[in-house]
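Trainee: Pasting a structure here, questions to come.
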Amino acid sequence: MKIITTESNIQGSVEAFKIFKHEIASGAKVLGLATGSTPVTLYQKWTASSLDTSNLISINLDEYVGLTPDNDQSYHYFMQKHLFDKKPFKKTYLPDGIKAINDPKGAAADYNKIIAENPIDVQLLGIGQNGHIAFNEPGTPFDSITHEVKLTTNTIKANSRFFNNIDDVPKSAICMGIANIMSAKKIILMAFGTSKAKAIKATIMGPVTEDVPASILQRHPNVTVIVDHAAASELTK
Ligand code: GLP
């Protein structure tokens, strides 16, 4: 694991963007992308750049069940707004949160097929305060593939800041599994702020355990973790 500690989210986003540019220049064609507040500055750098994305394919980690792509809380909408509207890709994929209302298994199987047909070159990740990656909560099997996830009360609470009302937060999502994420050739995990310090410590220094989903990254051959000093504050040398 390579760890890059930066002064701020902005610096960290600059570092992450450099890695993406390098990987794309070296032939990366399929990017695994993430939502949440963590990658927003990275996407700003990206849209402000001259980087050509028209030959790239993106595959996002997850989508809420029941939100249409034009719902401003859906991850489809988030990606359009923060990246794809300004930087069109050749093809962009997110799980089908509408098909998943009545057929979550079908929506998950469709997405696994997409990932199998488009092996991910570089996967971007944020991390939850409990060490979750995408919506893979503690206890998710390391061999999981795309599946429906019932969101925990803590994740619903954490994500309610983006919604008008906590009751509006969907109760489930379709999400890439840990095995899908680990199949990416390269992984970049970003975390900023003290609220992520415990999760970062457990991810990097703790045992590899399904209780901390991100700890599996210790077993991946090509991971870069980008943190600011606050998120790195519980790491010891
Ligand atoms: C959600 C998302 C994750 C994200 C995490 C942290 O649960 N599904 O992909 O990494 O929240 O979000 P944030 O970056 O806003 O802290």
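The values are calculated or read from the model by the stated rules, or taken from the named source; none is laboratory data. Note that the coordinates shown come from a computational prediction; the quantities given were computed from them, not determined experimentally. Positions of Cβ are backbone-derived with ideal geometry, glycine not excepted, and every protein chain shown enters the neighbour counts. Just so you know, the surface numbers come from the protein's heavy atoms only, side chains and all, with ligands and any DNA or RNA stripped out. Shrake-Rupley method; radii C 1.70, N 1.55, O 1.52, S 1.80 Å.
Trainee: Specify whether the C-alpha gyration tensor of region 143-237 places it in the rounded, prolate or oblate class, a ≥ b ≥ c being the square roots of the eigenvalues: rounded for a/c under 1.5, otherwise prolate if a/b is larger than b/c and oblate if not.
Mentor: Numbers: a/c = 2.15, a/b = 1.26, b/c = 1.71.
Oblate.
Trainee: For region 113-181, count all C-alpha to C-alpha pairs, find those more than 21 Å apart, and express that count as a whole percent of the total.
Mentor: Numbers: 677 of 2346 pairs.
So the portion of pairs separated by more than 21 Å is 29 percent.
Trainee: For region 1-102, what mean projected area does the convex hull of the alpha carbons give, in nm²?
Mentor: Values: hull surface 28.9 nm².
The number I arrive at for region 1-102 is 7.2 nm².
Trainee: Return the Cα extents of the chain along principal axes one, two and three, sorted largest first, each rounded to a whole Å.
Mentor: Ordered largest first, the chain gives principal extents of 49, 39, 34 Å.
Trainee: Which percent, nearest 5, of DSSP beta bridges in region 12-149 are antiparallel? Don't skip to the end; give the middle numbers.
Mentor: On the way: 1 of 10 bridges.
The antiparallel proportion sits near 10 percent.
Trainee: What is the projected area of the convex hull of the Cα atoms of region 66-119, averaged over all directions, in nm²?
Mentor: That works out to 4.0 nm².
Trainee: If you don't mind, another one. Once ligands and nucleic acids are excluded and a 1.4 Å probe is used, how much of Val14 is accessible, expressed in Å² to the nearest 10?
Mentor: 50 Å²
Trainee: Moving to a separate point now. In whole Å, what is the distance between the alpha-carbon centres of region 15-43 and region 61-134?
Mentor: When both Cα centres are located, 16 Å separates them.
Trainee: Place a +1 charge on the Cβ of each Lys and Arg in the chain and a -1 charge on the Cβ of each Asp and Glu, then give the dipole magnitude about the Cα centre in debye, rounded to the nearest 20.
Mentor: Numbers: 24 positive and 23 negative charges, 122 e Å.
In debye, rounded to 20, the chain gives about 580.
Trainee: Starting from the Cα coordinates of region 1-61, work out the convex hull volume and express it per residue in Å³.
Mentor: On the way: hull volume 6.1 nm³, N = 61.
That works out to 99 Å³ per residue.
Trainee: How large is ³J(HN,Hα), in whole Hz, for each residue of region 155-167 in order, when computed from phi with the Karplus curve 6.51 cos²θ - 1.76 cosθ + 1.60 and θ = phi - 60°, using x for Gly and Pro?
Mentor: The phi angles translate into 5, 4, 5, 4, 7, 5, 4, 8, 10, 5, 8, 4, 5 Hz.
Trainee: Also, quick follow-up: Place the peptides 219-230, 171-182 in order of packing, highest mean first, counting for every residue the other Cβ atoms within 10 Å and averaging per peptide.
Mentor: On the way: 219-230: 17.8, 171-182: 22.4.
Packing proxy ranking, top to bottom: 171-182, 219-230.
Trainee: Take every DSSP beta bridge whose two residues both sit in region 82-237, then give the antiparallel share in percent to the nearest 5. Don't skip to the end; give the middle numbers.
Mentor: On the way: 5 of 14 bridges.
Just about 35 percent of them are antiparallel.
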